[in-house]
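Have a look at the structure below, then the notes.
Taken together, the values in this text are just the output of simple stated rules run on the coordinates, not laboratory data. Just so you know, these numbers come straight off a predicted model, no measurement behind them. For neighbour counting, all protein chains shown are included, and Cβ atoms are generated from backbone atoms with ideal geometry for every residue, glycine included.
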Amino acid sequence: MNEVFAMWKKTKMVVLVALSAGLYAALLIPFKGFVLIPGITEFRPASVLPVVLGLLFGPAGAWGAAIGNLIGDFFGSLGVGSLFGFIGNFMFAYVPYKLWLGLGLVPRDDLAPDLKSTRKITAFSVVAILGALACALVIAWGLEILRLVPFAALGSIISLNNALPALVLGIPMMIVLYPRIKKWDLLWTDIMNPEDVPIPGGLSRISSILMALFIITGLFGGFVAAFKAGQGFLYEGFGTGGDVGSMGVILIAGVGTIGLVFSSFIQTMPSDKK
Amino acid sequence: MDMFLYIDRDSFVHRLDPRTKLLLLLISFILGLCIKSLTFLLGLLAVVLMYGAAGGVLANLRRIRVVLLMIALFSIAIWTISIPTEPRFLIFSLDGLKYGIQVALKTDLMIISGMIFLSATKIEEIAEGLVRLRMPYRAAFAFSTAIRLVPMIVATSFTIIQAQKSRGLDLDSGSVVQRIRRHVPLVVPAFVSVIRGTNIFAMALESKGFGYSDRRTTLLDLRMGGYDWLMIAGALLSASVVFLLSESVAYGATLVSGGF
């Protein structure tokens, strides 16, 4: 998490936050009319951007995704749920680059997200899905606490709505964009001070594994608890008459969400290796 | 599409400090979430609409009328069907209808409050207000810059679309899905054209002293006036009275006693 706050020292990273947020919002706003749940979520091809922004711009992409989603909410869905949308979209971009660095899916001596091998494409798919699930977990948990939307319905809709564009559109986008971003010296690892960039190592691996476990347990454990409370998946979740705000869902998904946040504070920094 | 939400007026609401307006927005969200009584929710909605009328910004609600209507219809339809308690008529239950209306009112209320806030507050005021509330300047700068960039990015995208159309790309025919798929290849050039300016943008900022000092002066001089404190006191007092009078105090108990 150090880099999330250290990045604000760099003017280029601040600019990337603003540009990322503007891009995300500009792609979200035209699709606000393609509503899936009125006032909550809509069809979002823009969901391709957080993963791409996160892998290219790191913490600037994460802040940009969060702020861009908030700006998009100004055009028809601004409410208290926007707070969870802010955190959820932050995680949507943050989780991919953390897991890319720490999970060991790509070789340590070749961490560039250029997707030039099957291994890297597979790694991209894994981190994109986990990022989408992290976003779904945070937002669905928040709206379950507020008793506005059932967890299972919203969690499943957001998971699909985020993961599909990220997988289908994200891979070709990364392949096209990475060489240009690298050439312009805009990769976050090239901009930030080396001492502020986490590196692969024991702690990063532990953090990444914990992060992935908390996301999966929180979301799918929450689904199990939601089924027990009578909720259902997707739009069936609104028709089954389940209990919104059930304590089991709130606890399990809450543990997943809080665990996700705390695991991000564990990482290997260059100073740890000296 | 007109991206700008701010409506320029010289009204009492416009003259309030952005921090006051942020707090009023927050209080309306909290009350909207916590109140269960339909009477009080309607009363709160009426107060919010009067606040917007005092600022002369209700015209902006026309832009989101479809969203507000869809939220209301969706909530009422879904909850009327999905809550299976008696009394019922066919698949529709009275408890479900009441709950659906409640959720519709809550959601619409929050969206209307947010729209009124954005219609009566300039972006610079929002950013400066956030800085006065101890948000770091760089974060507030990124936020306000992003909002300003959205119309520029949309305009750039339209230019790219026109250029591709002149080369034979057909974006107007076919089903909705087909049209969306044809827009996808345009994301990359839009992305590249925006991000390409990062280095120059950063140099321009640093040439003007951005980040030179943490202590900044500002052109916008925000001061909390008498009316600001009056509005804040009035809102807090009203919220306290509403909590005491309405059924909503039970919300906390309901949260704790909710079933597994």
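Using a 10 Å cut-off around each Cβ, can you sort B:TRP79, A:TRP188, A:TRP8 from fewest to most neighbouring Cβ atoms? Let's see the in-between values first.
On the way: B:TRP79 23, A:TRP188 26, A:TRP8 19.
Result, fewest neighbours first: A:TRP8, B:TRP79, A:TRP188.
Charges were assigned to the Cβ only: +1 to each Lys and Arg, -1 to each Asp and Glu. The resulting dipole of the stretch B:1-143 about its Cα centre is roughly 140 debye. Looking at the calculated P(r) for chain B, what percent of the C-alpha pair distances fall above 31 Å? That tail contains 47 percent of the Cα-Cα pairs. What base-10 log of the normalised intensity I(q)/I(0) is obtained for the stretch B:82-202 from the Debye formula, alpha carbons as equal point scatterers, at q = 0.21, 0.22 Å⁻¹? Scattering profile of the stretch B:82-202, log10 relative to I(0): -1.12, -1.16.
Rounded to the nearest whole angstrom, the semi-axes of the ellipsoid equivalent to the protein assembly as shown, taken from the Cα gyration tensor as √(5λ), stand at 36, 29, 24, largest first.
Applying the criteria of a DSSP loop state and at most 13 other Cβ atoms within 10 Å to the trypsin sites (Lys or Arg not before Pro) of the stretch A:77-185 yields A:ARG108, A:LYS116.
Fully extending the segment from B:ARG196 to B:MET50 would add 48.0 nm, taking 0.36 nm per residue of separation and subtracting the current Cα-Cα distance.
Using helices alone, I'd like the mean residue ellipticity at 222 nm for the protein assembly as shown: each DSSP H run of four-plus residues gives -39500 (n - 2.57), total over residue count, nearest 500.
On the way: 23 runs with 362 residues, N = 534.
That comes out to -22500 deg cm²/dmol.
Can you give the Kirkwood hydrodynamic radius of chain A from its Cα pairs, in Å with one decimal?
Working: mean 1/r = 0.0541 Å⁻¹.
Answer for chain A: a Kirkwood hydrodynamic radius of 18.5 Å.
Assuming charge only on the beta carbon of Lys and Arg (+1) and of Asp and Glu (-1), the dipole of chain A about its Cα centre is about 480 debye to the nearest 20.
Taking neighbour counts of Cβ atoms within 10 Å as a proxy for exposure, in what order, fewest first, do B:LEU205, A:LEU49, A:LEU101 appear?
Working: B:LEU205 17, A:LEU49 30, A:LEU101 27.
Arranged by neighbour count, lowest to highest, B:LEU205, A:LEU49, A:LEU101 become B:LEU205, A:LEU101, A:LEU49.
Here, the stretch B:6-82 yields an orientationally averaged convex hull projection of 6.0 nm² when only Cα atoms define the hull. With no solvent and one equal point scatterer per Cα, compute the Debye intensity ratio I(q)/I(0) for the stretch A:1-129 at 0.10, 0.13, 0.15, 0.19 Å⁻¹ and report its log10, rounded to two decimals. Rounded to two decimals, the profile gives -0.33, -0.54, -0.70, -1.02.
Let me know the mean shielding of B:107-115 by other chains, meaning the per-residue number of their Cβ atoms within 10 Å of its Cβ.
5
Within a 10 angstrom radius of each residue's Cβ in B:197-209, how many Cβ atoms of other chains show up on average? Whole number is fine.
Taking all residues of B:197-209 together, the mean is 4.
Between B:PHE243 and A:LEU203, the simple spin-label model (points 7 angstrom out along Cα→Cβ) gives 4.1 nm.
Quotient of the Cα radius of gyration of the stretch B:62-152 and 2.2 N^0.38 Å, N being its number of residues: 1.61.
Highest mobility in the GNM of chain A, judged by mean-square fluctuation with C-alpha springs under 10 Å and restricted to A:ALA123, A:ALA60, A:ALA93, is found for A:ALA123.
Gyration tensor over the Cα atoms of the stretch B:137-179: the corresponding equivalent ellipsoid has semi-axes (square roots of 5 times the eigenvalues, largest first) of 32, 13, 6 Å.
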